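Contents: one structure, followed by commentary.
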Amino acid sequence: MEKDLVVLLKEKRVFKPSKELIENSNVKKWMNKQGIKTYNELLEKAKDIEWFWEEAAKETIEWKKPFDKVLEWENHYANWFTKAQYNIVFDALDKHKDKDKIAFIWEGEPEGEIEKISYKKLYKEVNKLANAMKTMGVKKGDRVGIYLPMIPALPISMLACAKLGAIHSIVFSGFSANAFRERVNDETAKWVVTCDGFYRRGKIIPLKKAADEALLETPSVEKCIVFKRTGEQVEWNEKRDLWWHEITEKESDECETEILDSNDTLFILYTSGTTGKPKGIIHDHGGYAVGTAITLKWVFDLKENDVWWCAADIGWITGHSYIVYAPLILGVTSVMYEGAPNFPEADRWWEIIDRHKISVLYTSPTAIRMFMHFGEEWIEKHDLSSLRLLGSVGEPINPEAWMWYYKYIGKENCQIMDTWWQTETGNHCITPLPITDLKPGSATKPFPGIQADVFNREGKPIVDAGGELVLLKPWPGMLKGIYKNPDKYQKTYWEMYPEVYLAGDVARVDSDGYFWVQGRDSDVLKVSGHRIGNSEIESALVSHPLVAEAAAIGKPHEIKGESITAFVILKKGTEISEELRKELREHVGKEIGKLARPDEILFVEALPKTRSGKIMRRVIKAKVLGKDTGNISTLSNPEAVEELLKAK
């Protein structure tokens, strides 16, 4: 029998929301209408999932034709809001078509390039593209591959596809031609959308060139729509390529939205793993709309006058859900930024917040740790007083980064909504609300209507010990399967525990019912008979004042099973020494116990990461052990893999 994960990290600080935040929050106002007095009472009442999600739909969605049943559940597949007639574009765009309110404030990387797009203008631009696509033959159920950077053409393309009932599949613009080709071929897309190029760190990235390379071996593709972003000269295939501005120029700015079934497919989004074939995760129109809209409305408490910035890329699920669909459904103003967070200087983000008076910021722990590395002097140049709420997404946030975020960005006035969810879940699943007491490093409790737990390998719930994070009941934003691979769907998510969704993350629940995600199951270390979550070791290292980032891996050890090796990025200006190495080792022992002290500490300039900022520990481990690292072309910095062997 395998032991549970040991719990090493102890965090006792609690941050309570202000009375004003609680009383004015969207969720509290809804609770008052329902006669629900407390947060725990809300969570308890929402265990009646059909009641809760029907109420959530009333709060956010307008059906073309009402549903007959809230949920049908069979063989691990959920149909939510059955037989409802719906298209997410009705709520995300059509109902706002006459509004002059700004939908997107877009900022290009070149300084001074700013565009404000109203809901009215967005509606017209989407319709023009949808009409052009319809002329080309795009129809309900067709797959359209989209390979675009963070420019307005990206949400416009998504919405145009959805309007016609076509299925969009976005590939992050930082991915290689091979990654784009693989996904286009898997979905057999007939049409793709790309652009000539885009700006990144002051350089033009020739995206059309990468698309052309991919399309050399994509037999299903008939046409490629090209948006002119930079004006650079590009190669042109007269039979295949079409300029966006030319095909939309004479199209009408009115286009009827296709009426669909609530459970029709909205998009396919491929996971970005560096080993094995990416999984095409399927999401629908109706359930996904309800799940994303209610979570954004309640978790980030968005109001009419808020300026919302989800600083992710639309190529990830975070961008799909919380840059495009949910904000548009709620009718809020969002900020989009094309470029690098530290270009031309390390204060670009704080400049953007100051300039546009952003009130709610949602970003990743990786970004937060990067800004910690740059230092506080960059923040002090700007007025961040417009911020009223902060958020974290993408991976567990270590308490040290949480506290830095709280102190220097939120000025100790902003609660931090630390959210756990996945490409597969579609929306936030474990997250605070503005009425929740916070513990640094914990995603707190499940969102109302979501039921989660931590199981040991025997399938029994455990408290204050690490185990497998599971979701016990279906929820509206959940995946509809894996494209063309039902067997993998069943095996990946449902084989370990019958009728319980396996998230693939390890976590623990404390005695207060708060969840602490400890990382991916594949990253767990096994040392002297103990299972240790890598995130706890990394958190302890980053809590040292000279450490910016860390990654912990296990290496085979004939006595202990595995020994711990830590790769550490130091803050700028810090000198490497044997004394510092010893100091860090003892610091980990003091913070979380001698068992977790790294046997080896190596200093590096960078760690290999995905384009969404997650450290790829599997790749680090494979490289260190001399094994195949798999396809690393989708990493943001593949050169960092070779640099691991030069670690000091």
Looking at (1) at pLDDT 90 or above; (2) of a type outside the set (D, E, K, R); (3) in a helix (DSSP H, G or I), which is the only condition Ala566 fails?
(3)
Within segment 568-596, considering residues that are closer than 14 Å to Leu546 by Cα and touching a Lys or Arg at 6+ places or on another chain (Cβ under 6 Å), the one surrounded by the most Cβ atoms within 10 Å (Cβ to Cβ)
Val588
Pairs under 6 Å by beta carbon, first residue small (Gly, Ala, Ser) in segment 206-219, partner not in a helix (DSSP H, G or I), six or more apart or different chains?
Ala211/Tyr147; Ala211/Thr194
Odd one out for Lys277, checked against (1) modelled with pLDDT of 95 or more; (2) surrounded by fewer than 21 Cβ atoms within 10 Å (Cβ to Cβ); (3) not β-branched (Val, Ile, Thr)
(1)
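Looking only at segment 463-487, count how many residues are under 29 Å from Ile532 (Cα atoms) and either under 22 Å from the mean Cα position of the chain (by Cα) or modelled with pLDDT of 95 or more (or both). If you could, list the steps in order and put the result at the bottom.
Going through segment 463-487, the residues under 29 Å from Ile532 (Cα atoms) turn out to be 463-473.
Then keep just the ones that are either under 22 Å from the mean Cα position of the chain (by Cα) or modelled with pLDDT of 95 or more (or both); that gives 468-473.
Within segment 463-487, residues that are under 29 Å from Ile532 (Cα atoms) and either under 22 Å from the mean Cα position of the chain (by Cα) or modelled with pLDDT of 95 or more (or both) number 6.
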Considering only segment 97-108, how many residues are over 13 Å from Ser334 (Cβ atoms) and out of contact with any strand residue (DSSP E or B) (no Cβ under 6 Å at 6 or more places or on another chain)?
4
For segment 126-171, which residues satisfy the criterion of being part of a loop (DSSP other than H, G, I, E, B), of a type in the set (Gly, Ala, Ser) and crowded, with 24+ Cβ neighbours inside 10 Å?
Ala166
Reported set for segment 13-51 where residues are touching a residue at least 60 places away in the same chain (Cβ under 8 Å) and surrounded by fewer than 13 Cβ atoms within 10 Å (Cβ to Cβ) is Arg13, Val14, Lys16
Find the helices (runs of 4 or more DSSP H) located wholly in segment 13-68 whose residues include 2 or more that are more than 28 Å from Asn305 (Cβ to Cβ), and list them.
39-45, 49-60
Checking Ile397 against (1) farther than 25 Å from Pro110 by Cβ; (2) assigned to a helix (DSSP H, G or I): exactly one of these is not met. Which one?
(2)
Of everything in segment 395-427 that's surrounded by fewer than 22 Cβ atoms within 10 Å (Cβ to Cβ) and within 30 Å of Ala78 (Cα to Cα), which residue is modelled with the lowest pLDDT?
Glu395
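Determine which member of the set His76, His96 is at pLDDT 95 or above and touching a Gly at 6+ places or on another chain (Cβ under 6 Å).
Checking each option against the conditions leaves just His96.
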So Gly339, is it in the same structural domain as Tyr406 (by TED's automatic domain parsing), at positive phi and out of contact with any Cys (no Cβ under 9 Å at 6 or more places or on another chain)
no
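Inside segment 299-321, can you point out the residues that are touching a His at 6+ places or on another chain (Cβ under 9 Å) and buried (at least 23 other Cβ atoms within 10 Å of the Cβ)? Outline the logic, then answer.
Step one: of segment 299-321, the residues touching a His at 6+ places or on another chain (Cβ under 9 Å) are 299, 307, 309, 314, 317, 320-321.
The answer is Val299, Trp309, Ile314, Ile317, His320, Ser321.
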Suppose we filter segment 200-245 for residues that are among the acidic types (Asp, Glu), under 18 Å from Ser173 (Cα atoms) and in contact with a Cys (Cβ under 7 Å, 6 or more places away or on another chain); how many remain?
0
What residue, of Ser334, Ser385, Ser364, is polar (S, T, N, Q) and surrounded by 24 or more Cβ atoms within 10 Å (Cβ to Cβ)?
Ser334
Looking only at strands (runs of 3 or more DSSP E) that fall completely inside segment 423-542, which ones have 3 or more residues that are over 24 Å from Lys297 (Cα atoms) and not aliphatic (A, V, I, L, M)?
501-509, 515-520
Can you tell me which condition Ile368 does not meet? The list is (1) at pLDDT 95 or above; (2) not in a loop (DSSP other than H, G, I, E, B), and all the others hold.
(1)
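Going through segment 597-618 one residue at a time, which ones are under 22 Å from Val393 (Cα atoms), modelled with pLDDT of 85 or more and surrounded by 21 or more Cβ atoms within 10 Å (Cβ to Cβ)? Full working, then the answer.
Initially, segment 597-618 is screened for residues under 22 Å from Val393 (Cα atoms), giving 606-618.
Subsequent filtering for residues that are modelled with pLDDT of 85 or more retains 606-608.
Once the filter is applied, which keeps residues that are under 22 Å from Val393 (Cα atoms), modelled with pLDDT of 85 or more and surrounded by 21 or more Cβ atoms within 10 Å (Cβ to Cβ), segment 597-618 yields Leu607, Pro608.
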Among residues of segment 129-145, those that are among the small types (Gly, Ala, Ser), closer than 17 Å to Glu246 by Cβ and out of contact with any Asp or Glu (no Cβ under 7 Å at 6 or more places or on another chain), counted:
1
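Out of Lys250, Lys277, I need the residue that is outside the structural domain of Glu62 (by TED's automatic domain parsing), free of Cβ contacts under 8 Å to residues at least 12 places away in the same chain and of a type outside the set (S, T, N, Q). Which one?
Details: Lys277 fails: free of Cβ contacts under 8 Å to residues at least 12 places away in the same chain.
Only one candidate qualifies: Lys250.
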Scan (1) aliphatic (A, V, I, L, M); (2) in the same structural domain as Ile61 (by TED's automatic domain parsing); (3) buried (at least 20 other Cβ atoms within 10 Å of the Cβ) for the single condition Ile105 breaks and write down its number.
(2)
Of all residues in segment 528-548, how many are at pLDDT 75 or above and within 24 Å of Gly626 (Cβ to Cβ)?
3
Does segment 250-274 hold any residues that are part of a loop (DSSP other than H, G, I, E, B), in contact with a helix residue (DSSP H, G or I) (Cβ under 8 Å, 6 or more places away or on another chain) and at pLDDT 95 or above, and which are they?
Glu251, Ser252, Asp253, Glu254, Cys255, Thr257, Glu258, Ser262, Asn263
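The values are calculated or read from the model by the stated rules, or taken from the named source; none is laboratory data. This structure is a prediction, so every number in the text was calculated from the model and none was measured. Glycine also receives a Cβ, built like all others from the backbone with ideal geometry; neighbour counts cover every protein chain displayed.
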